[in-house]
Amino acid sequence: MKLSSDVLFEQDVEVLIKEIKEQYGYDFSGYARASVYRRIKRFMGQKNLQTLDELREPLFSDSFFFENFLQEVTVNVTEMFRDPSFFLSLRQNVLPILSTYPYIKIWDAGCSTGEELFSLAILLHEEGLLNRTKIYATDINQKVLKQAREGIFPAKNIPASTKAYYAAGGKREFSSYYTSNYGSVKFNSELVQNVVFYPHNLATDSSFNEFHLILCRNVLIYFSRNLQERVLTLFDESLVSLGYLGLGKKETLVMSGISANYNPVDKVNRIYRKLN
Amino acid sequence: MHVQPKIVVIGGSWGGVKASLQLLEDLPANYSLPVVLVLHRLRNQEGQLQELFDLKLRLKAVEIEDKDILQSGYLYLAPPNYHVLLENDQSFALDDSELENYSRPAIDVTFKSAADVYGDQVIGIVLSGASEDGSSGLNYIFGKGGTVIVQEPREAEIETMPLAAIKATPGCRVMRLTEIKAFLQSLHVN
Ligand SMILES: C[S@@+](CC[C@H](N)C(=O)[O-])C[C@H]1O[C@@H](n2cnc3c(N)ncnc32)[C@H](O)[C@@H]1O
């Protein structure tokens with residue numbers, strides 16, 4: 001049987017989620033609990049806090065502390081050309097179709113620190129589409145958005161990024177896209193010239209434009225089924241007919257109410273196309 | 001045994017594929033407990049493991065998808081590059097957060113999550129491997145009253161992981177694969 005101390009902890013987390021919503025406006029009620037519990041415990045471990053009551057005190061009296069908490073609870077881990085086969089498939093199956101539009105609009109939802117965005121921009125650049133594409137890069141977390149705008153990443157990731165870039169069909173010298181500087185690399189800011197960055201909360205905000213392609217990768221896994229459904233409906237409302245949706249490697253449309261109106265373009269890489 | 005177990009979670013690394021195949025090969029297709037297997041894998045390596053297990057075992061082997069519901073008769077394989085968590089409603093939740101013990105999936109993550117959900121009704125098994133992953137998770141299961149088993153290090157292809165697990169939880173049961181196998185079979189209820 002589940003331990004009663006764990007049951008109590010989880011009940012207290014529900015109270016905490018309500019209080020966070022009241023005080024800060026962030027709504028975590030639709031987040032997958034297993035991950036929320038784990039992230040809260042992890043954060044408490046880092047801050048040396050033993051109980052949720054000890055966490056509550058600084059959390060509600062210190063907004064910087066809360067920012068910190070937010071960073072930790074919403075997982076920001078990302079990398080360039082994550083799942084290279086996904087980007088290869090975008091290049092081969094999606095971009096050639098998008099190239100028939102005079103003007104392309106893309107939404108990168110949950111872009112985190114920008115590695116995915118720069119990967120996408122490089123692809124568009126190489127396929128000659130970047131200067132007629134506008135990308136909306138959004139995330140719940142303002143801090144990662146700021147990092148995404150700067151395009152500065154740790155140099156230690158470059159070997160893995162380079163490998164992934166070629167696996168994703170990269171055609172150039174990868175190093176031509178960035179300049180190195182003391183343990184960091186800065187990607188060419190022309191890549192994000194046509195990108196607008198702004199905070200958007202998938203759990204509470206609504207559709208704000210129409211897109212030819214929406215990428216939302218490794219965000220839905222942190223949501224409950226209900227919230228996943230809300231977000232997928234939001235994407236459905238935000239896609240033009242015949243628009244594309246790219247999800248994370250382990251995320252799917254199959255169980256969702258919108259699936260009937262979508263065809264898989266690449267089943268393994270979770271790329272779907274809206275019918276009408 | 002007083003408590004009826006609800007789930008078997010197994011962790012392995014180097015040598016873990018072979019050991020787990022041997023361990024699970026005779027379990028019946030309708031084995032009454034869901035079995036979750038976390039093996040360290042090479043990054044960006046795709047599905048072959050699932051095919052191998054599905055071919056060799058009577059259990060149905062699947063690679064876990066986000067929100068899959070746990071069912072008996074299934075072997076659930078942790079997918080590459082994701083941690084595997086369990087929810088109270090007996091479904092899986094995937095997580096792509098930081099590596100733990102240099103690994104994603106990490107055995108500790110799944111062991112701890114299983115113990116949070118199932119308390120003393122978890123059976124945790126650590127197999128061969130060149131890592132210390134699994135030992136703190138096994139200890140966590142032990143702390144919640146679950147059953148903890150470690151493959152006899154002398155029999156393991158690499159003894160590092162079993163030795164680390166035994167060190168972390170001296171109260172664990174150290175067993176040979178054939179014994180663990182017999183134990184798992186004894187839990188099957190028709
Ligand atoms: C694991 S990262 C994924 C980054 C990138 N898409 C990738 O696949 O590598 C998840 C991102 O989702 C963001 N996120 C979490 N909850 C969100 C929400 N309610 N609305 C928008 N973004 C959210 C987090 O801040 C984080 O940057």
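I need the full set of residues from the range A:118-147 which are hydrophobic (A, V, I, L, M, F, W, C) and within 9 Å of the ligand (Cβ to nearest atom), in order please.
A:ILE140, A:VAL144, A:LEU145 - these are the residues of the range A:118-147 that are hydrophobic (A, V, I, L, M, F, W, C) and within 9 Å of the ligand (Cβ to nearest atom).
Pairs please, first residue from the range A:109-132 and at pLDDT 95 or above, second anywhere and within 11 Å of the ligand (Cβ to nearest atom) and among the acidic types (Asp, Glu), Cβ atoms under 6 Å, 6+ apart in sequence or on different chains.
If the second residue must be within 11 Å of the ligand (Cβ to nearest atom) and among the acidic types (Asp, Glu), the pairs left are A:GLY110/A:ASP139; A:CYS111/A:ASP139; A:GLU115/A:GLU79; A:LEU117/A:ASP108.
Can you list the strands (runs of 3 or more DSSP E) found entirely within the range B:91-190 that contain at least 2 residues being away from chain A (no Cβ under 14 Å) and closer than 30 Å to A:LYS249 by Cα?
It comes to B:122-126.
Scan the range B:8-64 residue by residue and report those that are among the hydrophobic types (A, V, I, L, M, F, W, C), modelled with pLDDT of 95 or more and touching an Asp or Glu at 6+ places or on another chain (Cβ under 9 Å).
Result: B:ALA19, B:VAL38, B:LEU57, B:ALA61, B:VAL62.
Suppose the filter is under 20 Å from B:LEU33 (Cα atoms) and surrounded by fewer than 18 Cβ atoms within 10 Å (Cβ to Cβ); does B:LEU77 pass it?
No, not satisfied.
Per-residue answers, yes or no, for (1) within 12 Å of another protein chain (Cβ to nearest Cβ); (2) out of contact with any helix residue (DSSP H, G or I) (no Cβ under 9 Å at 6 or more places or on another chain):
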site: A:VAL7; (1), (2): yes, yes
site: A:LYS18; (1), (2): no, yes
site: A:TYR24; (1), (2): no, no
site: A:ALA34; (1), (2): yes, no
site: A:ARG39; (1), (2): yes, no
site: A:SER63; (1), (2): no, no
site: A:VAL73; (1), (2): yes, no
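Among (1) touching a residue at least 60 places away in the same chain (Cβ under 8 Å); (2) within 14 Å of the ligand (Cβ to nearest atom), which single condition is A:VAL195 missing?
Exception for A:VAL195: condition (2).
Taking the range A:126-156 only, how many residues are under 19 Å from A:VAL219 (Cα atoms) and among the hydroxyl-bearing types (Ser, Thr, Tyr)?
Total meeting the criteria: 2.
Could you give every pair whose Cβ atoms fall below 6 Å, whose first residue belongs to the range A:151-174 and is within 27 Å of A:ASN93 (Cα to Cα) and touching a residue at least 12 places away in the same chain (Cβ under 8 Å), and whose second residue is part of a helix (DSSP H, G or I) and basic (Lys, Arg), counting only separations of at least 6 or pairs across chains?
Close Cβ pairs satisfying both conditions: A:GLY169/A:ARG91.
Anything in the range A:77-110 that is within 14 Å of the ligand (Cβ to nearest atom), within 24 Å of A:PHE208 (Cβ to Cβ) and either surrounded by fewer than 17 Cβ atoms within 10 Å (Cβ to Cβ) or not assigned by TED's automatic domain parsing to the domain that holds A:LEU239 (or both)? List them, or say none.
A:THR78
A quick yes/no check of all residues on (1) among the basic types (Lys, Arg); (2) more than 24 Å from A:LYS146 (Cα to Cα); (3) surrounded by 13 or more Cβ atoms within 10 Å (Cβ to Cβ):
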position	(1), (2), (3)
A:SER5	no, yes, no
A:LEU8	no, yes, no
A:GLN11	no, yes, no
A:ALA32	no, yes, yes
A:LEU55	no, yes, yes
A:PHE65	no, no, yes
A:PHE69	no, no, yes
A:VAL75	no, no, yes
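Show the residue pairs that are 6+ apart or on different chains and have beta-carbon atoms under 6 Å apart, the first residue being within the range A:214-233 and near the ligand (Cβ under 8 Å from one of its atoms), the second being polar (S, T, N, Q).
Final answer for the pair search is A:TYR222/A:SER35.
I'm trying to understand the selection: among the residues of the range B:1-22, which are within 22 Å of B:PRO79 (Cα to Cα) and either polar (S, T, N, Q) or within 11 Å of the chain's Cα centre (by Cα) (or both)?
B:ILE7, B:VAL8, B:VAL9, B:ILE10, B:GLY11, B:GLY12, B:SER13, B:GLY16, B:SER20, B:GLN22
Within the range A:163-185, is even one residue touching a strand residue (DSSP E or B) at 6+ places or on another chain (Cβ under 8 Å) and within 14 Å of chain B (Cβ to nearest Cβ)?
no
Can you name the number of the only condition in (1) within 16 Å of the ligand (Cβ to nearest atom); (2) assigned to a helix (DSSP H, G or I) that A:LYS156 fails?
(1)
Keeping to the range A:180-224, report how many residues are crowded, with 16+ Cβ neighbours inside 10 Å and at pLDDT below 95.
Qualifying residue count for the region: 0.
The values are calculated or read from the model by the stated rules, or taken from the named source; none is laboratory data. Keep in mind the model is a prediction, meaning the values are calculated, not measured. Quick reminder, even Gly has a Cβ in these numbers, built from the backbone with ideal geometry, and neighbours come from all protein chains shown.
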